[in-house]
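Reading through the structure tokens given below for one structure.
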């Protein structure tokens, strides 16, 4: 009888161990973002400061040592505290400041909307040992999260998933080069009041175009002044483009910045071409024909330039809103 009871106990104990191996421990995770600052387009990075709290049973998880923040350049754990909850779980609260890498969407800059991503993993225990669950109670970010950007309504998302790596990280006990880790992720959409930034970035370009446009109102006797203005405007537009490009990362796609500067250069060149033609008319002493040509060319160039700019800017702004 004793032997039978012992075998029964051994069977129940082994079954419980098997179940424990089949079902990983859960780690409840919550976050509260204090600020997002130092958004650097050129270096493709930003800094995020946030509180992270974790609740779990297994003492070996020790997130103070084994927390991994993928895509982070630096992680500074400025504060953390550990306590025990009434149900026996560990409660860990820590404050992080991370410099994160990101790839910015600059096709519609400065009417851009950015989606920032932040995630955490445990570097020592894979998804067979632990999985993350969301703590969604309460707010997750400060209303003063950024002084330059606004949080897009309903853009904040908290998700958990399993991240697969096609490597065993050098573990000789794993035959197949494959590992899976539970990942806790947050996403946050940001946009800014872009019209003032747009004016600051492109006011020099538009003034340069208007200076070249004034050539149509200069008398044909001062043809040298026409060429001086247009050439000066040409260099001003190129200089403005270099200034704006210095703020942005390298991109193989044609952005709004490229489009606006490109059509401005084309129209300034069109003004130069018109000035060359008026010079020929002036040398032939066709003054009335010259005046008529200036009026028609001025109207066509101004209307076409304004129409193209309005269409490009509206399209970029419309895409941001949708």
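The values are calculated or read from the model by the stated rules, or taken from the named source; none is laboratory data. A quick note: this is a predicted structure, and the numbers were derived from the prediction, not measured. Because the Cβ atoms are built from the backbone with ideal geometry, glycine has one as well, and the counts that use them run over all protein chains shown.
Numbers for the structure displayed
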item: Residue in segment 149-162 that is buried (at least 16 other Cβ atoms within 10 Å of the Cβ), within 30 Å of residue 247 (Cα to Cα), touching a residue at least 24 places away in the same chain (Cβ under 8 Å) and in contact with a helix residue (DSSP H, G or I) (Cβ under 9 Å, 6 or more places away or on another chain) present; result: no
item: Condition broken by residue 189, with the remaining ones in (1) free of Cβ contacts under 8 Å to residues at least 24 places away in the same chain; (2) outside any loop (DSSP other than H, G, I, E, B); (3) within 20 Å of residue 320 (Cα to Cα) satisfied; result: (1)
item: Single residue of 263, 218, 238, 223 found to be surrounded by 15 or more Cβ atoms within 10 Å (Cβ to Cβ) and without any contact (Cβ under 8 Å) to a residue 12 or more places away in the chain; result: 218
item: Checking residue 197 against (1) at pLDDT 85 or above; (2) in a helix (DSSP H, G or I); (3) crowded, with 18+ Cβ neighbours inside 10 Å, the condition it does not meet; result: (3)
item: Filter pass, residue 276 being touching a residue at least 24 places away in the same chain (Cβ under 8 Å) and at negative phi; result: no
item: Test: residue 139 is surrounded by 10 or more Cβ atoms within 10 Å (Cβ to Cβ) and closer than 18 Å to residue 36 by Cβ; result: no
item: Selection status of residue 261, within 30 Å of residue 41 (Cβ to Cβ) and either modelled with pLDDT under 90 or in contact with a helix residue (DSSP H, G or I) (Cβ under 7 Å, 6 or more places away or on another chain) (or both); result: yes
item: Looking only at segment 76-106, and only at residues there that are under 28 Å from the mean Cα position of the chain (by Cα) and modelled with pLDDT under 90, the one that is farthest from residue 29 (Cα to Cα); result: 106
item: Within segment 301-322, considering residues that are over 20 Å from residue 152 (Cα atoms) and in contact with a helix residue (DSSP H, G or I) (Cβ under 9 Å, 6 or more places away or on another chain), the one surrounded by the fewest Cβ atoms within 10 Å (Cβ to Cβ); result: 304
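The rows are residues; the columns are (1) surrounded by 14 or more Cβ atoms within 10 Å (Cβ to Cβ); (2) in contact with a helix residue (DSSP H, G or I) (Cβ under 9 Å, 6 or more places away or on another chain).
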site: 126; (1), (2): yes, no
site: 168; (1), (2): yes, no
site: 173; (1), (2): no, no
site: 205; (1), (2): yes, yes
site: 208; (1), (2): yes, yes
